[in-house]
Amino acid sequence: MSTHPCIGRFAPSPSGDLHFGSLIAALGSYLSARAQNGRWLVRIEDIDPPREVPGAATRILHQLEHYGLHWDGDILWQSQRHDAYREALAWLQAHRQSYYCTCTRRRIQQIGGFYDGHCRDRHLGPENAALRLRQHAPVFSFDDRLRGHLAVDARLAQEDFIIHRRDGLFAYNLAVVVDDHFQGV
């Protein structure tokens with residue numbers, strides 16, 4: 001048996017009110033953490049201002065409380081974690097684990113919908129570019145407790161994904177990992 005405490009989390013994006021599917025996800029995470037005498041954390045993923053709905057975060061928190069889903073500790077707001085994200089990006093760049101990419105969604109769709117590493121060795125600068133993580137350890141399959149063994153499309157598994165968007169916003173793919181590590185999830 002693991003000596004590490006179970007830490008579950010619910011991390012809604014305030015792009016609208018809590019919907020039934022999100023409530024079920026929150027409940028599942030909450031019950032899993034509580035069943036193992038663990039902690040349950042709430043993180044508001046407010047790093048994409050163009051998609052946020054004013055007041056949605058507050059309404060989501062009130063809805064969680066209404067349904068008896070009480071979190072442990074303080075709420076983590078991603079909008080207050082930019083320094084941690086910048087630090088992670090700087091480390092990745094210093095260790096040559098990321099690179100700039102100017103490929104558009106249109107180009108990627110034209111080649112089949114998966115990024116092909118086109119900019120990986122072009123040594124581009126940050127002008128009008130996103131930052132991608134160099135993929136060194138693709139996951140081609142995994143075992144899910146409910147659905148069993150699941151295979152991932154090899155092109156998706158091997159894709160160098162965006163960690164800092166061209167518009168200057170931090171990508172979910174970066175923020176979720178930095179914050180899960182910070183919170184011990």
Seminar exercise, completed: Counting only Cβ distances under 4.7 Å between cysteines, those in the chain with no partner are Cys6, Cys103
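Over region 11-93, what percent of the accessible surface lies on carbon and sulfur atoms, probe 1.4 Å?
Numbers: 2530 of 4620 Å².
Answer for region 11-93: carbon and sulfur cover 55 percent of the accessible area.
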For this session: Please report the base-10 log of the normalised intensity I(q)/I(0) for region 103-148, using a Debye sum with one equal scatterer per alpha carbon and no solvent, at each q in 0.18, 0.29 (1/Å).
Result: -0.73, -1.17
For this session: Please list, in chain and number order, the residues 5+ apart from Arg9 or on another chain whose amide H is under 5 Å from its amide H, with Hs placed from the backbone.
Result: Leu41
Exercise. Taking chymotrypsin sites (Phe, Trp or Tyr not before Pro) as exposed when DSSP calls them loop (any state but H, G, I, E, B) and at most 16 other Cβ atoms lie within 10 Å, what is the longest stretch of the chain free of them, the sites themselves excluded?
Worked result: 1-66
Seminar exercise, completed: Semi-axes in Å, largest first, for region 1-98 (Cα gyration tensor, √(5λ)) are 26, 21, 10
Exercise. Taking a quarter of the surface of the Cα convex hull of region 65-185, what do you get in nm²?
Worked result: 10.4
Seminar exercise, completed: Residues whose built amide H sits under 5 Å from the amide H of Ile44, excluding neighbours closer than 5 in sequence, are Leu76, Trp77, Gln78
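Suppose all protein chains stay in the model; what accessible area per residue would a 1.4 Å probe give for region 32-182, in Å²?
64
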For this session: Report the net charge of residues surrounding Tyr99, where surrounding means a beta-carbon distance below 11 angstrom and charges are Lys +1, Arg +1, Asp -1, Glu -1.
Result: +3
For this session: Compute the long axis of helix 172-183 from its Cα atoms, compare it with the longest principal axis of the Cα atoms of the chain, and write down the angle in degrees, 0 to 90, nearest 10.
Result: 50
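Averaging sequence separations of C-alpha pairs under 8 Å and six or more residues apart, then dividing by the length of the chain, give the relative contact order as a whole percent. Display every interim value, and only then the final one.
Details: 245 pairs, mean separation 34.0, N = 185.
Here the relative contact order equals 18 percent.
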Problem set entry | For region 24-40, Karplus couplings with θ = phi - 60° (6.51, -1.76, 1.60), whole Hz, Gly/Pro x | 5, 4, 4, 4, x, 5, 4, 5, 4, 5, 5, 5, 9, 6, x, 9, 10
For this session: Please turn the phi angles of region 42-51 into ³J(HN,Hα) values with the Karplus equation 6.51 cos²θ - 1.76 cosθ + 1.60 (θ = phi - 60°), one per residue in order, whole Hz, x for glycine and proline.
Result: 10, 10, 9, 8, 9, 10, 10, x, x, 9
Problem set entry | Amide H within-cut-off set for Ala171, under 5 Å, with H built and near neighbours excluded | His164, Arg165
For this session: As a check on your grasp of the helix formula, calculate [θ] at 222 nm for the chain: sum -39500 (n - 2.57) over DSSP H runs of n ≥ 4, divide by the residue count, round to the nearest 500.
Result: -10000 deg cm²/dmol
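Tally Lys/Arg at +1 and Asp/Glu at -1 over every other residue whose Cβ is under 13 Å from the Cβ of Ala88; what's the total?
Numbers: positive: Arg81, Arg86; negative: Asp83, Glu87, Asp179, Asp180.
Charge balance in the 13 Å sphere: -2.
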For this session: In nm, give the distance between the simple-model label positions of Arg147 and Gln80, each being 7 Å from the Cα along the Cα-to-Cβ direction.
Result: 3.4
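Could you sort Arg81, Arg106, Arg86 by accessible area so the largest value comes first, with the probe set to 1.4 Å?
On the way: Arg81 35, Arg106 175, Arg86 120 Å².
Ranking Arg81, Arg106, Arg86 by accessible area, largest first, yields Arg106, Arg86, Arg81.
The values are calculated or read from the model by the stated rules, or taken from the named source; none is laboratory data. This is a predicted model, so every value here is computed, not measured. Here Cβ is always computed from backbone atoms with ideal geometry, including for glycine, and neighbour counts include all displayed protein chains. Keep in mind that these areas ignore ligands, DNA and RNA; they rest on the heavy atoms of the full protein, side chains included. Shrake-Rupley method; radii C 1.70, N 1.55, O 1.52, S 1.80 Å.
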